[in-house]
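Report on the structure given below.
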Amino acid sequence: MDYFAHETAVIDEGCIIGSGTKIWHFSHVMTNCSIGQKCNIGQNVVISPEVKLGANVKVQNNVSIYTGVECEDDVFLGPSMVFTNVTNPRSAVNRKNSYTRTRVKKGASIGANATIVCGHDIGEYAFVGAGAVVTKTVLDYALVVGNPARQMGWISEYGHRLEFDKNGDAFCPESNEKYRLEDHKVFKIK
């Protein structure tokens, strides 16, 4: 075993857990999950069956990641944020065979207490503000806040607001990397 699991953590059979990953107090990793290398799973986290987490995913305390969710590399999930996996849940109706998928793409961050309604992907390096309720797909590099979540601007891979000039160019103040805005899409200039 080349990962760490606190003695109170429960890890079901059939899980794949990458080296260097840490799983903290009272967390439950359910059957057939795949967790990449160097992830950090905080306290009181539930990872439901067949969830996939890439490498270096940070899951803060009290997060529930339900079946149908996939997080790519370098994703940050803030404290007490929630994913859903059924659009019309009813206690008396079994919908286990109709979970709706949600993908959180590379480098995206989801703030504390945010809710991601299933079936809406979060784009690469997107930033979902604390408490936001995402009810539609979030574009790459988009900054969204509120309930329902609305796009308020664009954000760099380092997490800084991007201010575009008249030519559609912006620079990250920390990395000095250049970004371009074209046709309501942002991409990094290499």
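The values are calculated or read from the model by the stated rules, or taken from the named source; none is laboratory data. Source: prediction; values computed, not measured. Cβ atoms come from the backbone with ideal geometry, glycine included; neighbour counts cover every protein chain shown.
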- Task: Among the candidates 83, 187, single out the residue that is within 13 Å of the chain's Cα centre (by Cα) and at pLDDT 95 or above.
- Result: 83
- Query: Do you know which residues across the range 170-188 are over 12 Å from residue 157 (Cα atoms) and touching a Phe, Trp or Tyr at 6+ places or on another chain (Cβ under 7 Å)?
  - Reply: 170, 180, 181
- Taking the range 169-184, which residues are of a type outside the set (A, V, I, L, M, F, W, C) and either exposed (fewer than 12 other Cβ atoms within 10 Å of the Cβ) or part of a strand (DSSP E or B) (or both)? 169, 174, 176, 178, 179, 180, 182, 183, 184
- Message: Contact list please: Cβ distance under 7 Å, first residue in the range 1-29 and at pLDDT 95 or above and exposed (fewer than 12 other Cβ atoms within 10 Å of the Cβ), second residue in a loop (DSSP other than H, G, I, E, B) and among the acidic types (Asp, Glu), pairs at least six apart or on different chains.
- Response: 19/2
- Task: Out of the residues in the range 6-63 that are among the aliphatic types (A, V, I, L, M) and part of a loop (DSSP other than H, G, I, E, B), state the one that is nearest to residue 131 (Cα to Cα).
- Result: 63
- Query: Does residue 178 satisfy being over 24 Å from the mean Cα position of the chain (by Cα), more than 20 Å from residue 129 (Cβ to Cβ) and not acidic (Asp, Glu)?
  - Reply: yes
- Among (1) among the hydrophobic types (A, V, I, L, M, F, W, C); (2) over 17 Å from the mean Cα position of the chain (by Cα); (3) assigned by TED's automatic domain parsing to the domain that holds residue 147, where does residue 69 come up short? (2)
- Query: Hey, does the range 84-97 have a residue that's at negative phi, in contact with a strand residue (DSSP E or B) (Cβ under 6 Å, 6 or more places away or on another chain) and in a strand (DSSP E or B)?
  - Reply: no
- Query: Looking at residue 78, is it in contact (Cβ under 8 Å) with a residue 40 or more places away in the chain and either closer than 26 Å to residue 155 by Cβ or crowded, with 21+ Cβ neighbours inside 10 Å (or both)?
  - Reply: yes
- Message: Looking only at the range 81-95, count every residue that is touching a residue at least 12 places away in the same chain (Cβ under 8 Å) and exposed (fewer than 13 other Cβ atoms within 10 Å of the Cβ) and tell me the total.
- Response: 1
- Lone qualifier among 114, 130, 108 - being in contact (Cβ under 8 Å) with a residue 24 or more places away in the chain, surrounded by fewer than 17 Cβ atoms within 10 Å (Cβ to Cβ) and under 30 Å from residue 170 (Cα atoms): 130
